[in-house]
Amino acid sequence: MNTHSSLPIAVLGAGPVGLAAAAHLVQRGFKPIILEAGTSVGANLNTYRQVRLFSPWQYNIDRAAAELLTRAGWIAPAADVLPTAGEIIDDYLLPLASLAEIAAGLRLQHRVIRITRQGIDKVKTAGRESLPFVIRVETPEGEQEIVAHSVIDATGTWSQPNPLGANGLPALGERQVADRIAYGMPDIAGSERGRFTGKRVLVVGAGHSAAGNLIALAQLAEEAPGTQVVWAVRGNNLAKVFGGGDADQLPARGLLGTRIRQLQQAGGLEVHRNFRIHALNTDGGRLNVVGEAVDGRVPVIESIDEIVAATGARPNLEMSRELRVRLDPWLESTDALAPLIDPNLHSCGSVRPHGHRELAHPEQGYYAVGAKSYGRAPNFLMATGYEQVRSIVAALAGDMAAADDVQLELPETGVCSSRPIVGDDDGSCCGTTPAQATQPAATSAEAGCCGGKAPAGVDACCMQDADEKAKGNVGCGCGPMKPAAKPKVSACCA
Ligand SMILES: Cc1cc2nc3c(=O)[nH]c(=O)nc-3n(C[C@H](O)[C@H](O)[C@H](O)COP(=O)(O)OP(=O)(O)OC[C@H]3O[C@@H](n4cnc5c(N)ncnc54)[C@H](O)[C@@H]3O)c2cc1C
């Protein structure tokens, strides 16, 4: 750890997890500096402020933040109510950011572009850990550098949406028609209603955001005849999109999938499964969306007016390029988290408790937390981030007992099925034998998530599984382990 303890700890991003980190730091007697790109806190949530979240307030408020707020006379919202993203900002994040101890360190319109160590680049080892971090930011007054003792990077992923191309690259022609594509969750029923009314709209994606967009468009189609809703998914099996329904421990999350299933069954959706977008062509003012060839046939979705891309997001890795970060090669998550959250294997929505140890990087004193720690993996919940930052701040304060006492109980999706994922949209994870792996996945409702025979050395896929294994019983297992990281080789000369 660098010896510049008089320097502030920098928190990057003032979303729910960044502000929670700030609250924990304040509680531990630190004076953090919080660098936020937006003009206000919760800038990413603000892009979908109309969306009602699926987790109630009880999961959305950090404990340290609540303690600071309550001391200042704040009344907590009812625990069982589902807030909108806008209410998270207005009723929680803004009051938190206004507390004197947090406001003192909050710098809005400070976009972090790079992080490094003072006076050295990534290659240099000697003395590295004793040097402060240098954070370069873009501000309305130009570029500046801020020096910090440690860095908690909570910049999320939402501002870096994945492109439409199924191969991870922008589809051919995607950039040229960017004005016809809304990434994320536009306000379909509100401020952007005119954009979609009476149009043939294609929604791309198979997650909760896609589901929310489809539901909003279906509502619009009922109110505004002529509006057509088209849905393209890469996979063939919609089980994961439809979700766990009544089995979801967050009923609002389960309901999203249930409503999509009902819409599909009622014929209100034109669904294109197994559709892997390759190119977008304009044709008489409308768009033809071209898929990758399947069985020698090139599928095309014709005459689209607008596209809503809900294809997930990815972290900004450029920011930490001068730091020694260890990321999972395919998820771009913090490496140690990957086996716990890989969507190829997990669909439960829960994650094993983890804290400062799993979140540490070779660059001592740098932590990526919150949605960013998950990289491209979905299913991050705020409650996970709150426990992450509690543990990290305890470690930074030298309270290792508290730092190591990580506890996390998350509501599960009810989709924790028993076989590895075969296609993009198959839910699965547990208790696999090679023979089972060739059969279609089954959801937990059919097969039960846990309690099967646990292959040795396999990580828990859901909380019950973790609990069972902790008690020495067999859990469900989660398919094959990733290859272990190569052991670190010590230097042969100075
Ligand atoms: C549509 C949707 C619905 C969701 N619903 C739920 C739910 O019901 N329950 C739940 O628990 N989770 C939910 N999540 C998941 C997750 O909890 C949220 O995404 C949450 O906002 C993540 O918090 P965060 O602080 O890690 O990141 P963010 O909220 O994304 O915050 C990141 C902050 O960093 C700032 N920033 C970004 N780049 C920079 C930079 N270079 N320099 C400085 N600042 C920067 C951003 O402006 C932003 O303020 C949902 C996510 C989405 C997208």
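The conditions are (1) out of contact with any helix residue (DSSP H, G or I) (no Cβ under 9 Å at 6 or more places or on another chain); (2) within 22 Å of residue 371 (Cα to Cα); (3) assigned by TED's automatic domain parsing to the domain that holds residue 285; (4) assigned to a loop (DSSP other than H, G, I, E, B), and residue 168 fails exactly one of them. Which is it?
Going through (1) out of contact with any helix residue (DSSP H, G or I) (no Cβ under 9 Å at 6 or more places or on another chain); (2) within 22 Å of residue 371 (Cα to Cα); (3) assigned by TED's automatic domain parsing to the domain that holds residue 285; (4) assigned to a loop (DSSP other than H, G, I, E, B) one by one, residue 168 breaks only (3).
Closer than 24 Å to residue 168 by Cα, out of contact with any strand residue (DSSP E or B) (no Cβ under 8 Å at 6 or more places or on another chain) and of a type in the set (S, T, N, Q) - does that describe any residue in region 264-275?
There is no residue in region 264-275 that is closer than 24 Å to residue 168 by Cα, out of contact with any strand residue (DSSP E or B) (no Cβ under 8 Å at 6 or more places or on another chain) and of a type in the set (S, T, N, Q).
Could you please find all residues in region 154-175 being in contact (Cβ under 8 Å) with a residue 40 or more places away in the chain and of a type in the set (A, V, I, L, M)?
154, 164, 166, 171, 172
crowded, with 23+ Cβ neighbours inside 10 Å and under 18 Å from residue 264 (Cα atoms): is that true of residue 221 in this structure? Before the answer, list the steps.
On the way: crowded, with 23+ Cβ neighbours inside 10 Å: no; under 18 Å from residue 264 (Cα atoms): yes.
Here the answer is no, as residue 221 does not meet what is asked.
Conditions (1) more than 11 Å from the ligand (Cβ to nearest atom); (2) surrounded by fewer than 21 Cβ atoms within 10 Å (Cβ to Cβ); (3) closer than 15 Å to residue 95 by Cβ, marked per residue:
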position	(1), (2), (3)
20	no, no, yes
24	yes, no, no
35	no, no, no
38	no, yes, no
56	no, yes, no
62	no, no, yes
66	yes, yes, yes
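Would you pick out the residues in region 350-383 that are more than 11 Å from the ligand (Cβ to nearest atom), under 12 Å from the mean Cα position of the chain (by Cα) and at pLDDT below 95?
The initial filter retains those residues of region 350-383 that are more than 11 Å from the ligand (Cβ to nearest atom), namely 350-367, 375-377.
Now drop any that are not under 12 Å from the mean Cα position of the chain (by Cα), which leaves 375-377.
Answer for region 350-383, where residues must be more than 11 Å from the ligand (Cβ to nearest atom), under 12 Å from the mean Cα position of the chain (by Cα) and at pLDDT below 95: just 377.
Among the residues of region 310-324, count how many are in contact with a helix residue (DSSP H, G or I) (Cβ under 9 Å, 6 or more places away or on another chain) and more than 13 Å from the ligand (Cβ to nearest atom).
Our first condition is that a residue be in contact with a helix residue (DSSP H, G or I) (Cβ under 9 Å, 6 or more places away or on another chain); within region 310-324, this holds for 310-313, 315-316, 324.
Subset that is more than 13 Å from the ligand (Cβ to nearest atom): 324.
Residues in region 310-324 being in contact with a helix residue (DSSP H, G or I) (Cβ under 9 Å, 6 or more places away or on another chain) and more than 13 Å from the ligand (Cβ to nearest atom): 1 in total.
How many residues does region 297-353 contain that are of a type in the set (D, E, K, R) and more than 16 Å from residue 372 (Cβ to Cβ)? Steps first, please.
Residues of region 297-353 of a type in the set (D, E, K, R): 297, 302, 305-306, 314, 318, 321-322, 324, 326, 328, 332, 335, 342, 352.
Checking the rest, the ones that are also more than 16 Å from residue 372 (Cβ to Cβ) come to 297, 302, 305-306, 322, 324, 342, 352.
Residues in region 297-353 being of a type in the set (D, E, K, R) and more than 16 Å from residue 372 (Cβ to Cβ): 8 in total.
Can you go through 326, 273 and tell me which one is surrounded by fewer than 21 Cβ atoms within 10 Å (Cβ to Cβ) and within 25 Å of residue 121 (Cα to Cα)? Spell out the reasoning first.
Values: 273 fails: within 25 Å of residue 121 (Cα to Cα).
326 is the lone residue from the list that is surrounded by fewer than 21 Cβ atoms within 10 Å (Cβ to Cβ) and within 25 Å of residue 121 (Cα to Cα).
Looking only at region 384-395, filter to residues that are aliphatic (A, V, I, L, M) and buried (at least 23 other Cβ atoms within 10 Å of the Cβ); which one of those is farthest from the ligand (Cβ to nearest atom)?
The initial filter retains those residues of region 384-395 that are aliphatic (A, V, I, L, M), namely 389, 392-395.
Among the residues that remain, those that are also buried (at least 23 other Cβ atoms within 10 Å of the Cβ) are: 389, 392-393.
Numbers: 389: 9, 392: 13, 393: 15 Å.
That would be 393.
In region 128-163, which residues are in a loop (DSSP other than H, G, I, E, B) and more than 18 Å from the chain's Cα centre (by Cα)?
Narrowing region 128-163 to residues in a loop (DSSP other than H, G, I, E, B): 131-132, 140-141, 149, 154-160, 162-163.
If the condition is that a residue be in a loop (DSSP other than H, G, I, E, B) and more than 18 Å from the chain's Cα centre (by Cα), then 131, 132, 140, 141, 149 are the ones that fit.
Within region 234-279, can you find the residues that are under 24 Å from residue 221 (Cα atoms) and of a type in the set (A, V, I, L, M, F, W, C)?
238, 241, 242, 252, 255, 256, 260, 263, 266, 269, 271, 275
Got at least one residue in region 316-329 being in contact with a Phe, Trp or Tyr (Cβ under 6 Å, 6 or more places away or on another chain), in contact (Cβ under 8 Å) with a residue 60 or more places away in the chain and part of a loop (DSSP other than H, G, I, E, B)?
Taking region 316-329 as the starting set, the residues that turn out to be in contact with a Phe, Trp or Tyr (Cβ under 6 Å, 6 or more places away or on another chain) are 323.
Subset that is in contact (Cβ under 8 Å) with a residue 60 or more places away in the chain: 323.
Among the residues that remain, those that are also part of a loop (DSSP other than H, G, I, E, B) are: 323.
There is at least one residue in region 316-329 that is in contact with a Phe, Trp or Tyr (Cβ under 6 Å, 6 or more places away or on another chain), in contact (Cβ under 8 Å) with a residue 60 or more places away in the chain and part of a loop (DSSP other than H, G, I, E, B).
Can you tell me which residues in region 216-240 are hydrophobic (A, V, I, L, M, F, W, C) and out of contact with any Leu (no Cβ under 7 Å at 6 or more places or on another chain)? Even if it seems obvious, please write down each step before you answer.
From region 216-240, those hydrophobic (A, V, I, L, M, F, W, C) are 216-218, 220-221, 224, 229-233, 238-239; that's our starting set.
Passing the criteria: 216, 217, 220, 221, 224, 233, 238, 239.
Of (1) over 30 Å from residue 144 (Cα atoms); (2) surrounded by fewer than 14 Cβ atoms within 10 Å (Cβ to Cβ); (3) within 9 Å of the ligand (Cβ to nearest atom), residue 113 satisfies all except one. Which?
Exception for residue 113: condition (1).
On the basis of being outside the structural domain of residue 186 (by TED's automatic domain parsing), assigned to a loop (DSSP other than H, G, I, E, B), in contact with a Pro (Cβ under 7 Å, 6 or more places away or on another chain) and surrounded by fewer than 21 Cβ atoms within 10 Å (Cβ to Cβ), does residue 343 make the cut? Talk me through it step by step, then tell me what you get.
Values: outside the structural domain of residue 186 (by TED's automatic domain parsing): yes; assigned to a loop (DSSP other than H, G, I, E, B): yes; in contact with a Pro (Cβ under 7 Å, 6 or more places away or on another chain): yes; surrounded by fewer than 21 Cβ atoms within 10 Å (Cβ to Cβ): yes.
Criteria met by residue 343.
The values are calculated or read from the model by the stated rules, or taken from the named source; none is laboratory data. Note that the coordinates shown come from a computational prediction; the quantities given were computed from them, not determined experimentally. A quick note on method: Cβ atoms are made from the backbone with ideal geometry, for glycine too, and the neighbour counts reach across all protein chains shown.
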